[in-house]
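Working notes, beginning with the structure itself.
What follows is calculated from the coordinates using simple rules that are stated; it is not laboratory data. Because the structure is a prediction, the values reported are computed rather than measured. Because the Cβ atoms are built from the backbone with ideal geometry, glycine has one as well, and the counts that use them run over all protein chains shown.
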Amino acid sequence: RAKEEGKGTYVLYDKSMHTAFNERMNIEKHLRGALGNQEFELHYQPQVDIRSGMISGFEALIRWNNPVLGFVSPLSFIKVAEDSRLIIDIGEWVLREACLFMKQVNERMLYPYKISVNISIIQMLQEDFTEMVLDSLAVSGLVPSLLELEITESVFMKSFGSIVSKLEFLKSQGIRIALDDFGTGYSSLGYLQQLPISTLKMDKTFIDSLSEKDYSQAFVQTIIQLGHNMGLEVVAEGVEDSGQLAFLKESGCDKVQGYLVSKPLPESGVNVLLAQRKQYGFPDM
Ligand code: C2E
Ligand code: MG
Ligand code: MG
Ligand code: MG
């Protein structure tokens with residue numbers, strides 16, 4: 001009986017491995033032509049300054065609609081794009097597109113909005129990474145202080161020194177650096193101190209747990225204090241309800257991003273949203 005079960009389990013395991021592998025191969029196959037076929041689009045999710053209630057900027061998030069596969073989530077294809085190095089060209093397209101769009105938006109607005117762009121470690125390892133970033137700004141005409149690069153704690157795993165130098169250089173040019181998904185990765189606090197960042201993005205898992213676990217409120221408040229003590233701006237990701245927001249406001253968090261404010265929007269949606277000039281009436285504490 002045990003033997004039978006073991007055998008059955010083995011076959012199942014083997015099958016699922018094959019399926020996962022085939023799926024990745026299939027994604028990679030279709031990913032190769034995606035940029036040339038203009039299958040990508042950017043959506044933009046607003047970030048709101050908690051104190052003023054005003055939108056301060058947007059995070060650019062890639063969307064992929066393939067004729068065969070349909071819509072594929074970045075959670076499924078970014079890793080494949082990294083492993084195949086396709087992320088180098090895709091990521092460059094994202095950055096250029098996002099800078100151009102934000103420059104275009106700001107031309108019509110009274111106050112300038114910031115744009116945050118996710119950057120893969122594979123891109124940062126490229127020799128010409130800093131030139132590519134500066135060139136994207138130059139071509140778009142967007143000022144450096146309106147661009148924020150979102151990096152993750154994966155930067156701690158490879159060539160830490162050379163990546164820190166590149167980020168320091170970009171920061172010296174006025175570009176902001178955000179540490180995304182903060183709290184989920186491998187960074188020790190010692191490493192955190194060495195990264196030239198301007199913003200901590202507290203991961204959604206901390207926000208999700210606010211209503212459940214005993215220490216979650218303490219964790220969130222401690223992250224906010226740590227960020228502020230380091231002179232950083234603190235952004236909460238994935239804020240979905242007003243209870244979470246009330247707690248974040250009370251705890252002094254600077255900005256929120258999440259479905260409570262808006263899902264990521266296509267360009268047309270951004271234009272409609274900004275035309276409303278909405279001031280978010282967040283609950284007063
Ligand atoms: P991320 O950078 O942490 O982006 C936040 C993700 O959370 C986005 O998922 C966003 O749509 C989602 N989100 C925002 N607010 C809420 C909320 O209130 N509730 C829930 N349930 N989700 C929320 P998305 O767009 O699927 O992107 C997933 C991840 O894929 C991103 O996580 C980022 O790591 C990566 N990614 C997306 N676009 C790019 C890109 O252009 N380049 C690179 N390298 N990575 C990207
Ligand atoms: Mg991000
Ligand atoms: Mg994140
Ligand atoms: Mg995330």
For the stretch 250-262, Karplus-derived ³J(HN,Hα) couplings (6.51, -1.76, 1.60; θ = phi - 60°; whole Hz; x for glycine and proline) come out as 4, 8, x, 4, 7, 9, 10, 9, x, 4, 4, 7, 5
Near the amide H of residue 258, under 5 Å away, which other amide H atoms are found, from residues 5 or more places off or on another chain, if H is placed in the peptide plane?
-> 238, 239
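Starting with the fewest neighbours, write out 152, 19 ranked by other beta-carbon atoms found within 10 Å of each beta-carbon. Don't skip to the answer; put the middle values down first.
On the way: 152 22, 19 10.
Placing the least packed residue first, the sequence is 19, 152.
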Applied in sequence order to the stretch 141-150, the curve 6.51 cos²θ - 1.76 cosθ + 1.60 (Karplus, θ = phi - 60°) yields integer Hz couplings, x standing for Gly and Pro, of x, 6, 6, x, 5, 9, 9, 10, 9, 9
Under-5 Å amide H pairs with residue 234, H placed in peptide plane, nonlocal only = 200, 254, 255
Cα centroid separation - the stretch 66-132 against the stretch 251-285, whole Å = 22
When the chain is treated as a GNM, springs tying every alpha-carbon pair under 10 Å, which of 236, 178, 246 comes out with the largest mean-square fluctuation?
-> 246
Return the inverse of the average 1/r over all pairs of distinct C-alpha atoms in the stretch 84-152, which is the Kirkwood hydrodynamic radius, in Å to one decimal.
-> 12.3
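Sorting 153, 39, 240 on the 10 Å Cβ count, fewest up front, what's the list? Walk me through the numbers before you get to the answer.
On the way: 153 21, 39 17, 240 14.
Sorted ascending by nearby Cβ count, the order is 240, 39, 153.
What does the C-alpha gyration tensor say about the overall shape of the stretch 150-285? Classify as rounded when a/c is under 1.5, otherwise prolate if a/b is larger than b/c, or oblate.
Note, shape of the stretch 150-285 comes out oblate.
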Residue-ordered couplings for the stretch 168-174, obtained by feeding phi - 60° into the Karplus form 6.51 cos²θ - 1.76 cosθ + 1.60 and rounding to whole Hz (Gly and Pro as x), are 4, 4, 5, 5, 5, 8, x
Quick calc of log₁₀ I(q)/I(0), the chain, Debye, one scatterer on every Cα, no solvent, q values 0.08, 0.11, 0.14 1/Å, result -0.38, -0.70, -1.09
Rank 215, 44, 259 by mean-square fluctuation in a GNM of the chain with C-alpha springs under 10 angstrom and give only the top-ranked residue.
-> 215
